[in-house]
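Worksheet for the structure shown next.
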Amino acid sequence: MTEFFFIIAQFFIIYFLLSFNICVINTKNQNLKNFSLTENISFNTIIFLNFILIVSFFNVSLNIIITSYLIYLSFLILFYLYKFKNLFVTAKESWFCFVLLFFTSIVIFLEVANNLVIGWDAQKFWIYKTISFFNGNSITELSNLPNAWYPYLGSLSWSFFWKLSFLEHEYSGRLFYVFIYLTSLFLLVNNFNFSKSLKIIFFILLIIISYDYTYHSHWSMFSGYQEILIFSLVCMAMHFFYKLFNSNKDLQNFNIISILLICNLLVWIKHEGFIISLSLILTLIFFFNFKIKKKIFISSVYLFIIFLRFSIFDFYDLNPDEVQHQGYENLQLMHIVEKISLQKIFIIFQSLVMNLFSNYLILMSIFLLSIFLFINKNINNIFYIIFFAVFNIVAFFGIYLISDLEVTFMLKTSMDRILYQLSPFAILIFLEIYNSKKFLKLN
């Protein structure tokens with residue numbers, strides 16, 4: 001019973017730490033004060049992850065990182081109390097959002113607590129980094145751990161909430177993964193022109209669909225795998241895409257900066273983040289009507305993100321063997337050409353098709369897209385989403401094609417996880433189709 005109450009307390013710890021939005025300091029822009037509950041938490045999560053990441057660059061311990069964030073939070077709390085006379089200011093806040101987020105979080109929290117399993121990838125790549133941070137080591141010590149060349153942000157956030165917990169178990173840190181997953185899903189759901197009751201039903205339906213184990217039976221979402229963080233951040237990016245495409249220009253810069261901050265996080269969580277972040281940037285540049293100066297700004301910031309990522313790794317010797325990923329030791333042009341064969345292309349294509357149709361979110365989007373094209377035959381409002389999806393699929397297809405490892409084994413253990421990380425684009429397709437005026441008139 002004590003553990004149950006501590007699990008509930010962990011929800012409120014996470015919620016409290018992600019409740020205060022730095023944007024309210026900008027008193028000139030009223031739109032920044034009118035975030036919904038999910039928008040507020042999602043943006044604060046993006047800021048939180050970037051904050052602890054940047055502080056970690058100074059080679060400090062987890063205790064100093066936590067203290068730094070709490071100091072930052074204290075300043076925000078004082079500003080809230082001075083300016084608004086209360087701590088929780090969200091003009092569009094709804095209790096039903098909070099209650100729904102609370103109960104769904106607790107249900108999955110209990111499932112995580114009752115299945116104390118660390119996944120294979122977590123055992124090999126992530127848990128060592130998590131324990132190192134938890135024990136007070138800085139990023140310098142990561143170079144002495146197995147697979148030091150893997151990114152560490154997911155492990156850092158895991159150790160952060162493990163340390164800030166009444167629970168003694170490491171799974172308390174992984175409860176943050178559950179929280180960000182549910183918040184990001186709800187963030188997208190709130191964009192639908194649904195009634196509150198339908199939003200609740202659809203939200204729970206999306207949890208069931210995206211939580212289903214039939215297409216990732218060999219890995220558990222919250223057993224330390226980092227795919228769930230990528231999935232959640234892509235959900236948030238899809239939200240900002242939707243706002244950019246369908247809202248006025250008042251918050252255009254805010255949405256762009258949010259996507260850039262997400263790109264920075266992606267490259268520090270998994271290597272797949274490089275491809276996914278690049279697809280986000282190319283979608284911004286090619287499919288949104290920005291001025292050329294803004295497109296140059298977006299490109300420049302992204303190049304700086306990539307430069308910083310490699311510079312930090314080189315500075316702290318986190319890649320001593322110059323390995324970027326196992327299975328890609330020789331990337332000379334002639335060697336790459338020798339790896340390509342029709343048989344390999346067929347094997348990858350077969351696995352891709354099978355996994356596409358076993359991912360329920362993507363399958364749903366294919367079905368809805370087919371109906372929409374049959375009725376409307378106009379994909380202008382979703383072409384940017386299709387580009388994002390196709391770019392990633394083609395890019396990862398090519399990565400499998402040039403790998404030195406046995407391709408069948410690679411596909412069996414990773415293809416479903418790659419597609420899972422990308423699958424929030426399917427929700428955005430549904431969102432754009434359902435909310436489109438032509439579709440609403442047809443209904």
Expected unfolding gain across residue 194-residue 371 under the 0.36 nm per residue rule, minus the alpha-carbon gap, is 61.7 nm
In whole Hz, the Karplus estimates of ³J(HN,Hα) for the range 231-238 (6.51, -1.76, 1.60; θ = phi - 60°; x where Gly or Pro) are 3, 5, 5, 5, 3, 5, 4, 5
Residue span residue 144 to residue 114: 0.36 nm per residue of separation minus Cα-Cα distance leaves a gain in nm of 7.6 nm
Between the residues 341, 156, 296, the Cα farthest towards the positive end of the dipole of the chain, that dipole coming from +1 and -1 charges on the beta-carbon of Lys, Arg, Asp and Glu, is from 296
The percentage of the accessible area of the chain (probe 1.4 Å, all protein chains present) made up of carbon and sulfur atoms, to the nearest whole number, is 67 percent
The pairs in 344/412; 129/163; 129/270; 199/249 lying past 24 Å Cα-Cα in this model are 199/249
Of the range 153-194, those with amide N under 18 Å from the point 7 Å along the Cα→Cβ vector of residue 204 are 182-183, 185-187, 189-190, 194
Each label sits 7 Å from Cα toward the beta-carbon; between residue 319 and residue 380 the label points are separated, in nm, by 4.3 nm
Connecting every pair of Cα atoms under 10 Å apart in the chain and solving the GNM, the largest mean-square fluctuation among 292, 66, 276 falls on 292
Amide H proximity to residue 34 below 5 Å, modelled H, separation 5+ or other chain, gives none
If each K or R counts +1 and each D or E counts -1, the residues other than residue 52 whose Cβ falls under 15 Å of its Cβ total +2
Here the FRET efficiency for residue 2 versus residue 346, based on Cβ atoms and R0 = 56 Å and rounded to 0.05, is 0.50
Packing-ranked peptide list from 402-415, 151-164, highest mean Cβ count within 10 angstrom first, is 151-164, 402-415
Computed from the beta carbon distance with a Förster radius of 22 Å, FRET efficiency for residue 435 and residue 23 to the nearest 0.05 stands at 0.30
Taking the dipole of the chain about the Cα centre (Lys, Arg +1; Asp, Glu -1; charges at Cβ), the one of 318, 368, 264 that reaches farthest to the positive side is 368
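If we count every other residue with Cβ under 11 angstrom of residue 150's Cβ, Lys/Arg +1 and Asp/Glu -1, where does the sum land? Write down the numbers at each step before the final one.
Values: positive: 124, 129, 270; negative: 121.
Combined, the nearby Lys, Arg, Asp and Glu give +2.
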Yeah, the range 345-435 with a ≥ b ≥ c from its alpha-carbon gyration tensor (a/c under 1.5 is rounded, else prolate when a/b outruns b/c, oblate otherwise) is prolate
Most fluctuating of 417, 174, 309 in the GNM of the chain (C-alpha, under 10 Å) is 309
proj_area_mean for the range 110-238 (convex hull on C-alpha atoms), units nm², value 9.0 nm²
Within the range 208-299, DSSP-loop chymotrypsin sites (Phe, Trp or Tyr not before Pro) with at most 12 other C-beta atoms within 10 Å are 213
Once both label points are put 7 Å beyond Cα along the C-beta direction, the residue 163-residue 356 separation in nm becomes 4.5 nm
Computed over the chain, the relative contact order (Cα-Cα under 8 Å, seq sep at least six) in percent reads 17 percent
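Under unit Cβ charges (Lys, Arg +1; Asp, Glu -1), what dipole magnitude, rounded to 20 debye, does the chain have relative to its Cα centre?
Working: 27 positive and 22 negative charges, 418 e Å.
Here the size comes out at about 2000 debye.
The values are calculated or read from the model by the stated rules, or taken from the named source; none is laboratory data. All values derive from a computational prediction rather than experimental measurement. Backbone-built Cβ (ideal geometry, glycine too); neighbour counts: all protein chains shown. We work out accessible area using only protein heavy atoms, side chains counted, and drop any ligands, DNA or RNA first. Shrake-Rupley method; radii C 1.70, N 1.55, O 1.52, S 1.80 Å.
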